[in-house]
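This report refers to the structure that appears directly beneath it.
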Number of protein chains: 2
Amino acid sequence: MARSMEMRGITLVRDTNVPVYRQIYEHFRSAIRIGQLRPGDRLPSARRLAEEFATARGTIDAAYAMLAGEGYVVGRGPAGTIVSAGVGAVARDKGTKPAVHRSRVGAASSTGARLPGASNPRPFQLGLPSLDAFPRKIWSRVTARQVRELSVADMAYPDPTGFVPLRESIAAYLASARGIACTCEQIHITNGYQGALDLIVAVLLRRGDAAWIEDPCYPLAREALAAATASLRPIAVDSEGLRVADGVAQARRARLAVVTPSHQSPLGVTLSLPRRLALLAWASAADAFIVEDDYDGEFRYVGRPLPALKSVDHDDRVIYAGSFSKVLFPSLRLGYVVLPRRLIATFARVAQRRSHGVPALTQRAVAAFMTEGHFARHIRRMRNLYASRRRALADSLVAAFGDEIVVDLRHGGMHLIVRFRSRVSDSKLAKLAQAAGLAAEALSSRAVAQPCGQGLLLGFTNVAEKEAPVLCDQLVRAIGPLR
Amino acid sequence: MARSMEMRGITLVRDTNVPVYRQIYEHFRSAIRIGQLRPGDRLPSARRLAEEFATARGTIDAAYAMLAGEGYVVGRGPAGTIVSAGVGAVARDKGTKPAVHRSRVGAASSTGARLPGASNPRPFQLGLPSLDAFPRKIWSRVTARQVRELSVADMAYPDPTGFVPLRESIAAYLASARGIACTCEQIHITNGYQGALDLIVAVLLRRGDAAWIEDPCYPLAREALAAATASLRPIAVDSEGLRVADGVAQARRARLAVVTPSHQSPLGVTLSLPRRLALLAWASAADAFIVEDDYDGEFRYVGRPLPALKSVDHDDRVIYAGSFSKVLFPSLRLGYVVLPRRLIATFARVAQRRSHGVPALTQRAVAAFMTEGHFARHIRRMRNLYASRRRALADSLVAAFGDEIVVDLRHGGMHLIVRFRSRVSDSKLAKLAQAAGLAAEALSSRAVAQPCGQGLLLGFTNVAEKEAPVLCDQLVRAIGPLR
């Protein structure tokens, strides 16, 4: 006969295959199901029960966790473990788990209503496209069709280098819009620009390798490189863009340079042709690579978009990084790189180890959006819209501030810079604006090693023309005390 | 008057604001548009033109790249640069770019037809759920509604820690299905299990830190840790799972242990309760953390699913990693971790720097799928389906091979192990099977430092019951020569 001990009405059998936690679980489960324990009743404390049965605390906890997991009991912190409300009636006789799941979801709808989510962009927010002008109906139709047509094969692990038809569409788009001649094989799909940077850093940088960054620069690029424990070499930017000769003088042996040739981030200047050629020549001589972050190369309002640096890259030294965050919308989390041929295989290998790729639906939807012509049309529309919004914001700023400011309006991009004639600190101005709900940022916050001047960075893409005067008045009031 | 030079009919003006590459571009563009150059005509070689004009090769290339980008010319390698077919007629007079874009897309449809994609799962493929049994209509309806209702706010950068209603649904699910009591704040959404591992490694491991891995183990976990230059300590697995005492003896000071307690990958054994408690005690004493990879904890066919290790984790040492790859489908690229409270802030900070999060649509669709009850229903259905498919495959294997084999059928998981009585090498068997299109893998390939026995790993989730006998006969024929 089995050795057993009974305490508090619980019989524990010692020499059986059924573990102790399971016996305790069965005891309470049955007590609840037959109504011996009722909703609101308290179970003995796990600590005390463990002592009484001379068993490990974890054993009792395991039993209680199973009961809680199945909804029979709930933990109430210091009040102990309580039999769940309504559980006796629901669970009894059915042999199924009590319907605790729904009730714990709380406010989340179970009727198919929209789930609550993120907040709207703040006025002047940087780095966002005009979300109000996105063709949501078309996008929704295209995506709904792709999800309907998702095959069994599409549900398996995606190709870590990306969905081939999307890569073909991107190659065609780059040829036509950015002057880049590349094949589908060179396109590698990533989880946004940050996914691209992560991958680039993992493939190219060893601890301590030097990398040029622009000074001032885009903060996330700087952080991604710093996280890779690269030795960062900030190189100054002037009216022709990155001072390549400074880079060569300061860090000829660097492994990587990260640049924004179309519109330097944040200054908005364009890298001149002589500098482009010098940069390429340096990379060839140093056996280095260049990351061309072309985040908004499409958006140029004076003249036509310049061809990308990649388009004149004869020694195949440029990794061109593109993103759909600025030309479609950021929550897609979709980007890509155009790889030098010698790096294709290494990127594929590292990507295979680091990630199983980007969601199939996202890739299919964007591919369809592109091949059906919506993409090119959207970019054309946005270029016109941004030109108007840029102009309207600049005019409203001048109307609101008069000659206190100079609006630094570059030929492209998605933001402008307001420079104040007075010597007031731009970070103080930005703080006041932010306190008033306006997403202005201080130009000086983008400086790395040397000052880059003062001013407020204002995104114009989400400022509708008719809102511009109102928002500029708000800005005047917000920073009034300091002007 | 401007200084100029003329050569080959091209007039270059030197002292103007128009850069040379732009002048060359304009010359050829105009020549093509007026029909002076016709489809098939060859442009002068860039090298020669650069010499003639005493200008940089890159200048000519920039001009040619713009022309190619806009579709006026195509590069033909050694044959030079040729005026595109049909371009004269299309582009002329319209002032628009020639319609080169579409033609380069090649086979990709422009009429909204389904784009071509990935291939179907191979028989016996490991790690895939039953894709044929996924409720695609419901999924498609849920997703289509979420994409229709995507707001402006949802299109901006998503919260890098995840969409709150999804995190709430996951917390409720884990409480009910896996016995885990956690709050929404502890859930951090990731780009699949690999995204979780990347993040864990970035937060917790410094170069040279020791980490326990199971031996044999899941290869991707091993690779992710190796990429972090951690010092890997393979710890043997026996019939009770990881031999924790060996780990303590061999690497007490390790920083991390990565384990699969529900069904060890690949052996399928369950980590016993005493081992679970010993593992937790070690982690507390060593100030270490445990990654619980619960990739298929829901799928148990004998008895009910065991509560997760995390459910008895009193010192908050376990990072529970879940994935939707196995319970929904892999191309979602969606996973999550349940974090110890002390790690929440660090993970949020590192995630902010490393990634802008997971696509909003994916997160919304899965949240809705869960709160509407489809998720729990799907898992129940799959548990029953997998139980039948597992049984059917085991029976068919025995029918096909007789007493040449022993089928190692664990209580859970998504694959089984076929062990051969003869001493034939499992990697040779796997090679033969793979050559016949069957995705069998060798058990020995999962060993790290010590042998773990021989056998074939066969996934049963995508083997329909009526196909099982046919596929087993195929396997017999494929490996026949070696049996």
Provide Rg over Rh for the protein assembly as shown; use the alpha carbon set for both Rg and the Kirkwood Rh (inverse mean inverse pair distance).
-> 1.01
Quick one: putting +1 on the C-beta of Lys and Arg, -1 on the C-beta of Asp and Glu, what dipole do you get for the protein assembly as shown around its Cα centre, in Debye to the nearest 20?
-> 1020
With every protein chain in place, what's the accessible area of A:Ser231 (1.4 Å probe, Å², nearest 10)?
-> 40
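For an R0 of 35 angstrom, estimate the FRET efficiency from the Cβ-Cβ distance between B:Arg38 and A:Arg380 and round to the nearest 0.05.
Details: r = 29 Å, r/R0 = 0.83.
The value I calculate is 0.75.
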Amide H partners (placed H, <5 Å) of B:Tyr320, local residues excluded = B:Glu292, B:Val338
Peptide B:404-415: average number of partner chain Cβ atoms within 10 Å per residue?
-> 0
Net dipole in debye of the stretch B:240-340 [+1 Lys, Arg Cβ; -1 Asp, Glu Cβ; about Cα centre; nearest 20] = 120
For B:Ala399, inter-copy label-point distances (7 Å, Cα→Cβ), nm, shortest first, read 8.2
Check B:Ser231: other-chain or 5+ apart residues with amide H under 5 Å from its amide H, H built from backbone geometry?
-> B:Gly208, B:Asp209, B:Ala210, B:Ala211
To the nearest 0.05, the calculated FRET efficiency linking B:Asp395 and B:Ala281 through their beta-carbon distance, R0 being 45 Å, is 0.60
Given a 1.4 Å probe and the protein chains all in place, what does the accessible area of B:Glu149 round to, in Å² to the nearest 10?
-> 60
Just name one of A:Val291, A:Pro307, A:Ala368: the one whose Cα is farthest towards the positive end of the charge dipole of chain A (beta-carbon charges, Lys/Arg +1, Asp/Glu -1).
-> A:Ala368
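Where does chain B land on the Kirkwood hydrodynamic radius, alpha-carbon pairs, in angstrom? Let's see the in-between values first.
On the way: mean 1/r = 0.0375 Å⁻¹.
With all distinct Cα pairs of chain B included, I get 26.7 Å.
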What does the convex hull of the Cα atoms of the stretch B:257-299 come to per residue, in Å³, rounded to a whole number?
-> 65
Among A:Gln250, A:Ala228, A:Ile170, flag the residue with its Cα farthest along the positive direction of the charge dipole of the stretch A:155-296, charges on Cβ as +1 for Lys/Arg and -1 for Asp/Glu.
-> A:Gln250
Inter-chain shielding of A:306-315 (mean C-beta neighbours from other protein chains, 10 Å cut-off) | 5
Where the label is 7 Å out from Cα toward Cβ, how close does A:Gly80 come to the same position in every other copy, in nm, shortest first?
-> 9.5
Which chain B residue sits with its beta carbon nearest the axis carrying B onto A, and how many Å away is it, rounded to a whole number?
-> B:Ala144, 2
Cβ neighbours within 10 Å from other chains - mean over A:127-139 = 3
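Beta carbons within 10 angstrom, averaged per residue: use that to sort the peptides A:455-463, A:390-398, B:457-465, A:404-412, highest first. Before the final figure, lay out the partial values.
Details: A:455-463: 25.0, A:390-398: 20.2, B:457-465: 22.9, A:404-412: 17.7.
Order by mean packing, descending: A:455-463, B:457-465, A:390-398, A:404-412.
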In nm, what does the list of distances from B:Gly453 to its counterparts in the other copies look like, shortest first, when each label sits 7 Å along Cα to Cβ?
-> 7.2
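Return a single number: how many Lys pairs in chain B, at a sequence separation of 8 or more or on separate chains, have alpha-carbon atoms below 27 angstrom apart. Numbers along the way, then the final one.
Details: B:Lys137/B:Lys326; B:Lys137/B:Lys466; B:Lys310/B:Lys326; B:Lys326/B:Lys431; B:Lys326/B:Lys466; B:Lys431/B:Lys466.
Close lysine pairs under the 27 Å cut-off: 6.
Could you calculate the contour length gain from B:Arg76 to B:Ile344, that is, 0.36 nm times the residue separation minus the distance between their Cα atoms, to one decimal place in nm? Don't jump to the answer; show the numbers that get you there.
Numbers: separation 268, 0.36 × 268 = 96.48 nm, distance 5.55 nm.
Here the segment from B:Arg76 to B:Ile344 would lengthen by 90.9 nm.
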Keeping all protein chains in place, calculate the accessible area per residue for chain B (probe 1.4 angstrom), answer in Å².
-> 39
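For the protein assembly as shown, give the percent of accessible area contributed by carbon and sulfur heavy atoms, probe 1.4 Å, rounded to a whole number. Write out the running numbers ahead of the final one.
Details: 19110 of 37650 Å².
Its accessible area is 51 percent carbon and sulfur atoms.
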Nearest 5 is fine: what % of DSSP beta bridges in the protein assembly as shown come out antiparallel, could you say?
-> 65
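For the pair B:Gln450 and A:Ser30, what calculated FRET efficiency results from E = 1/(1 + (r/R0)^6), where r is the Cβ-Cβ distance and R0 = 51 Å, to the nearest 0.05? Mind showing how you got there, number by number?
Numbers: r = 44 Å, r/R0 = 0.87.
Efficiency, rounded to the nearest 0.05: 0.70.
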All-pairs Cα distance distribution in the stretch A:383-476, expressed in whole percent, bin size 10 Å | 17, 52, 28, 3
In deg cm²/dmol and to the nearest 500, what is the mean residue ellipticity at 222 nm of chain A if only DSSP H runs of at least 4 residues count, each as -39500 (n - 2.57), divided by the residue total?
-> -12500 deg cm²/dmol
Whole-Hz ³J(HN,Hα) from phi, Karplus 6.51 cos²θ - 1.76 cosθ + 1.60, for the stretch A:409-422, glycine and proline x = 10, 7, 6, x, x, 10, 9, 10, 10, 9, 9, 9, 6, 6
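Kindly provide the trypsin sites (Lys or Arg not before Pro) of the stretch B:283-325 that DSSP labels as loop, not H, G, I, E or B, and whose Cβ sees at most 16 other Cβ atoms within 10 Å.
Values: sites: B:Arg300, B:Lys310, B:Arg317; in loops: B:Arg317.
Filter output for the stretch B:283-325: empty list.
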Cα centre as origin, Lys/Arg/Asp/Glu Cβ charges: chain B dipole, Debye = 1000
Whole-Å distance, taken between Cα centres, linking the stretch B:252-325 and the stretch A:239-310 = 49
Farthest toward the dipole's positive end in chain A, which of A:Gly58, A:Ile344, A:Ser239, given Cβ charges of +1 (Lys, Arg) and -1 (Asp, Glu) about the Cα centre?
-> A:Gly58
Given 25 °C and 0.890 mPa s, how large is the Stokes-Einstein diffusion coefficient of the stretch A:296-433 in µm²/s, with Rh as the Kirkwood radius over Cα pairs?
-> 132
Space enclosed by the convex hull of the alpha-carbon atoms of the stretch B:216-333, per residue, Å³ = 111
Once amide H atoms are placed 1.01 Å from N in the peptide plane, what residues at a sequence separation of 5 or more from B:Thr190, or on another chain, have their amide H within under 5 Å of its amide H?
-> B:Gly335, B:Tyr336, B:Val337
The stretch B:167-224 and the stretch A:418-479 have their Cα centres apart by a whole-number Å value of 41
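Give me the summed buried accessible area for the B-A pair, 1.4 Å probe, to the nearest 100 Å².
On the way: alone 23230 and 23250 Å², together 37650 Å².
Roughly 8800 Å² of accessible surface disappears when B and A pair.
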Using θ = phi - 60° and Karplus 6.51 cos²θ - 1.76 cosθ + 1.60, couplings along the stretch A:354-362 (whole Hz; Gly, Pro as x) | 8, 7, 8, x, 9, x, 4, 5, 4
In whole Hz, what ³J(HN,Hα) sequence does the stretch A:169-179 give by Karplus (6.51, -1.76, 1.60; θ = phi - 60°), x for Gly and Pro?
-> 4, 5, 4, 5, 4, 5, 4, 7, 9, 10, x
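The values are calculated or read from the model by the stated rules, or taken from the named source; none is laboratory data. None of the values given here were measured: they were computed from a predicted structure. Cβ atoms come from the backbone with ideal geometry, glycine included; neighbour counts cover every protein chain shown. Heads up: the accessible areas ignore ligands, DNA and RNA and are worked out on the full protein's heavy atoms, side chains in. Shrake-Rupley method; radii C 1.70, N 1.55, O 1.52, S 1.80 Å.
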